[in-house]
Amino acid sequence: MEASCRRALELGLPAIAFTEHADFVGGGYPDHRPLDLAGYLDALDRCRARFPSLRILSGVELGQPHRFPAEAAAVLAAGGLDRVLGSVHCVPWAESLMDVSLEGLLTPERAPDLLRSYLGEVLALVEGGQGFEVLAHLDYPKRYWPHAEVPYREQDYEEEFRAVLRAAAVRDLALEINTTRGVEPGRGLCPGPVVLRWWVEEGGRALSFGSDAHDPERIALGFELAARLAEGLGFKPNHDPTGFWRR
């Protein structure tokens with residue numbers, strides 16, 4: 001985290017947000033360890049003391065909270081979080097919840113059905129009423145899609161995408177443009193231009209930007225492209241550099 005703060009200052013960023021994962025996965029991952037929220041907040045305080053010129057936001061990304069509402073509520077009840085994201089990483093598979101990033105899951109034969117299942121999970125997340133304000137990496141499976149064997153066309157899943165976007169707009173959520181550490185846009189920009197246009201058409205009014213860096217050297221990679229897309233769709237920067245872009 002300290003290295004990330006130093007990198008943010010090198011880039012001239014006015015602020016950085018650490019939206020730590022709080023993934024709820026049930027029994028499918030016996031080695032999974034829950035978020036140590038107290039330890040996370042302690043580390044955050046140390047960074048704030050060491051880098052007083054940088055605004056450092058706390059945050060959490062709740063994974064599958066609609067399936068684990070009590071666990072998600074316990075994280076939020078601890079308080080002290082500036083930004084709360086909601087996301088889906090897992091789909092029901094083989095009587096468990098499996099992350100779509102797992103090698104061998106998104107095969108060419110299974111990929112279309114799994115994407116529809118994934119978007120169904122995201123719709124359940126949005127409609128589930130958990131307390132988050134940003135919908136993160138809407139088309140996460142695109143990162144792991146078998147692009148060489150199966151074309152990835154959002155239009156093939158337009159009904160499912162629009163259902164999620166419509167529900168998110170009704171809740172007045174912000175949609176995250178996740179730049180996936182600067183990976184080439186066809187695979188890494190989540191979502192891309194097609195879905196972002198649908199977001200506007202379905203009444204979406206706010207965007208958030210996340211590089212999902214996981215590495216200090218990848219902070220803010222892809223933000224210039226994301227900003228151009230947002231501006232082209234009529235979104236404007238917030239006077240607060242940590243605020244959402246709005247239409």
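The values are calculated or read from the model by the stated rules, or taken from the named source; none is laboratory data. Since we're looking at a predicted model, the values are computed, not measured. Ideal geometry is used to build each Cβ from the backbone, glycine not excepted, and the neighbour counts take in all protein chains shown.
So the values come out like this:
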read-out: Any hit, the stretch 220-233, residues being aliphatic (A, V, I, L, M), in a loop (DSSP other than H, G, I, E, B) and within 25 Å of F18 (Cα to Cα); value: yes
read-out: Residue match in the stretch 166-183 (condition: assigned to a loop (DSSP other than H, G, I, E, B), modelled with pLDDT of 95 or more and crowded, with 16+ Cβ neighbours inside 10 Å); value: yes
read-out: The stretch 216-247, residues that are farther than 17 Å from R83 by Cα, surrounded by fewer than 13 Cβ atoms within 10 Å (Cβ to Cβ) and in contact (Cβ under 8 Å) with a residue 24 or more places away in the chain; value: E217, G234
read-out: Scan of the stretch 84-117 for residues that are in contact with a Cys (Cβ under 9 Å, 6 or more places away or on another chain), not small (G, A, S) and not in a loop (DSSP other than H, G, I, E, B), ordered by number; value: L97, M98, D99
read-out: Residue list for the stretch 71-100, filter: surrounded by fewer than 15 Cβ atoms within 10 Å (Cβ to Cβ) and of a type in the set (A, V, I, L, M, F, W, C); value: A73, A74, A77, A78, A94
read-out: The stretch 101-160 - residue that is within 16 Å of P185 (Cα to Cα) and aliphatic (A, V, I, L, M) and, of those, surrounded by the fewest Cβ atoms within 10 Å (Cβ to Cβ); value: A148
read-out: The one condition in (1) in a loop (DSSP other than H, G, I, E, B); (2) out of contact with any Phe, Trp or Tyr (no Cβ under 8 Å at 6 or more places or on another chain) that E160 fails to fulfil; value: (1)
read-out: G204 vs. criteria in a loop (DSSP other than H, G, I, E, B), small (G, A, S) and buried (at least 19 other Cβ atoms within 10 Å of the Cβ); value: yes
read-out: Cβ pairs under 8 Å, 6+ apart, first in the stretch 1-29 and under 27 Å from S53 (Cβ atoms) and modelled with pLDDT of 95 or more, second of a type in the set (D, E, K, R) and in a loop (DSSP other than H, G, I, E, B); value: A17/D82
read-out: Lone unmet requirement of (1) under 15 Å from T19 (Cα atoms); (2) surrounded by fewer than 18 Cβ atoms within 10 Å (Cβ to Cβ); (3) of a type outside the set (S, T, Y) for A49; value: (1)
